[in-house]
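Report on one structure; see the data block that follows.
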Amino acid sequence: MARFAPQLSSEEITAVSAEPPLWASSDIPLLDALADLLGEDHVDTPQPQGGFVADHARRQRDWVYGHVVVDEAQELSEMQWHMVLRRCPSRSITAVGDIDQAEAAHRHTSWAEAVQAVLGDRWTAAELTICYRTPREVMGLTEPVLTKAGSRNTPPRAVRSSGIAPWTLTVTPAELAGAAAQAVRQLQQRWHGGTVGVIAPAGRIAELLDVLDDVPVLTATQSKGLEWDATLLVDPHGIAAEPRGWNGLYVALTRCTQELGQLLLTQQASHP
């Protein structure tokens with residue numbers, strides 16, 4: 001590195017070349033591929049008796065299935081798809097996901113891009129075009145976000161209206177925590193007996209947790225698959241600035257079943 005990239009400092013060289021402190025999830029399919037190529041040294045060790053079938057399968061890497069169901073399938077890399085196929089030689093797979101919610105490092109914007117390299121033409125797409133969770137008023141905000149995310153898909157059609165227009169409040173960074181606490185209290189009063197959730201950029205979670213201890217405060221990634229009657233979206237432009245942020249913002253916008261509120265910062269006052 002010092003020879004071929006002399007412009008890098010010693011700290012930068014160390015950051016690039018040093019061993020990572022922990023395994024990453026992306027390492028697992030690579031290790032699985034190596035195990036498949038090299039084979040495994042099977043040692044005759046006593047196996048626990050009883051237990052669930054899933055426990056036996058977890059202990060045996062060569063356990064295979066007749067059919068596999070994959071949720072959040074848009075997040076799988078090509079190497080992860082190979083890992084799934086090793087467990088399902090019949091290639092009988094039901095994969096469920098929204099390609100526009102992908103936050104993984106790959107840049108797939110269609111299912112063909114996501115699976116064709118591994119599955120070839122042996123797959124069939126069934127498109128779900130109707131949105132049951134998110135009201136029509138909120139889905140109207142998603143099209144420009146999906147465009148910036150690079151989507152080539154038509155946004156789902158919402159089947160119902162909540163009658164509540166999404167609202168925004170502009171605050172300064174110093175006012176953000178207090179404004180969030182007040183907005184949550186108001187949402188809890190309006191949706192008494194219901195649920196309220198808060199979604200924010202990763203860098204603002206700790207600040208919000210200091211003032212919000214009775215509602216979930218999550219990043220866009222953590223909120224995937226969840227829903228609340230009302231969602232408070234804090235600093236949406238901060239979410240958009242994160243890696244794969246426009247996809248994350250699409251996720252965050254579509255978590256509510258009734259009401260969406262957004263807190264914008266003064267230096268980011270334009271709507272997403």
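The values are calculated or read from the model by the stated rules, or taken from the named source; none is laboratory data. Predicted model, so just to flag it, every value in this text is computed and none were measured. Don't worry about glycine lacking a Cβ; one is built from the backbone with ideal geometry, like all the others, and counts go over all protein chains shown. The protein model used for the area step is the full one, side chains on, heavy atoms only, and it has no ligands, DNA or RNA in it. Shrake-Rupley method; radii C 1.70, N 1.55, O 1.52, S 1.80 Å.
For the range 167-177, the criterion of being among the polar types (S, T, N, Q), without any contact (Cβ under 8 Å) to a residue 24 or more places away in the chain and under 23 Å from residue 221 (Cα atoms) is satisfied by no residue at all. Residues of the range 68-82 that are open to solvent by 30 Å² or more (accessible area, probe 1.4 Å) and among the small types (Gly, Ala, Ser): 77 alone.
Taking the conditions (1) open to solvent by 20 Å² or more (accessible area, probe 1.4 Å); (2) of a type outside the set (Gly, Ala, Ser); (3) modelled with pLDDT of 95 or more; (4) outside any helix (DSSP H, G or I) in turn, residue 224 satisfies each one other than (3).
Taking the numbered list (1) in a helix (DSSP H, G or I); (2) in contact (Cβ under 8 Å) with a residue 40 or more places away in the chain; (3) buried (at least 20 other Cβ atoms within 10 Å of the Cβ) in turn, residue 208 passes all entries but (2). In the range 3-18, the residue that is modelled with the lowest pLDDT out of those that are surrounded by fewer than 10 Cβ atoms within 10 Å (Cβ to Cβ) and in a loop (DSSP other than H, G, I, E, B) is 18. Considering only residues in the range 211-221 that are within 13 Å of residue 177 (Cα to Cα) and either in contact with a Cys (Cβ under 9 Å, 6 or more places away or on another chain) or open to solvent by 60 Å² or more (accessible area, probe 1.4 Å) (or both), the one that is modelled with the lowest pLDDT turns out to be 213.
Residue-by-condition table, conditions (1) small (Gly, Ala, Ser); (2) over 30 Å from residue 146 (Cα atoms); (3) touching a strand residue (DSSP E or B) at 6+ places or on another chain (Cβ under 8 Å); (4) at pLDDT below 85:
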residue: 20; (1), (2), (3), (4): no, yes, no, yes
residue: 38; (1), (2), (3), (4): no, yes, no, no
residue: 48; (1), (2), (3), (4): no, yes, no, yes
residue: 69; (1), (2), (3), (4): no, no, yes, no
residue: 82; (1), (2), (3), (4): no, no, no, no
residue: 100; (1), (2), (3), (4): no, no, no, no
residue: 114; (1), (2), (3), (4): yes, no, no, no
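Among helices (runs of 4 or more DSSP H) entirely within the range 83-176, having at least 1 residues that are more than 20 Å from residue 231 (Cβ to Cβ) and open to solvent by less than 40 Å² (accessible area, probe 1.4 Å) singles out 111-119. Pairs meeting the criteria (first residue in the range 25-40 and open to solvent by 80 Å² or more (accessible area, probe 1.4 Å), second residue at pLDDT below 90, beta carbons under 9 Å, at least 6 apart or on different chains) are 31/23; 36/61; 40/61; 40/62. Could you tell me whether the range 166-180 includes any residue that is within 13 Å of residue 253 (Cα to Cα) and in contact with a Ser or Thr (Cβ under 7 Å, 6 or more places away or on another chain)? No, every residue in the range 166-180 fails to be within 13 Å of residue 253 (Cα to Cα) and in contact with a Ser or Thr (Cβ under 7 Å, 6 or more places away or on another chain). Within the range 233-257, if we keep just the residues that are of a type outside the set (S, T, N, Q) and assigned to a loop (DSSP other than H, G, I, E, B), the residue that is most open to solvent (accessible area, probe 1.4 Å) turns out to be 243. Only residues that are open to solvent by less than 40 Å² (accessible area, probe 1.4 Å) and more than 14 Å from residue 258 (Cα to Cα) were counted in the range 177-197, giving 6. Would you say residue 235 is in contact with a strand residue (DSSP E or B) (Cβ under 9 Å, 6 or more places away or on another chain) and among the charged types (D, E, K, R)? Yes, satisfied.
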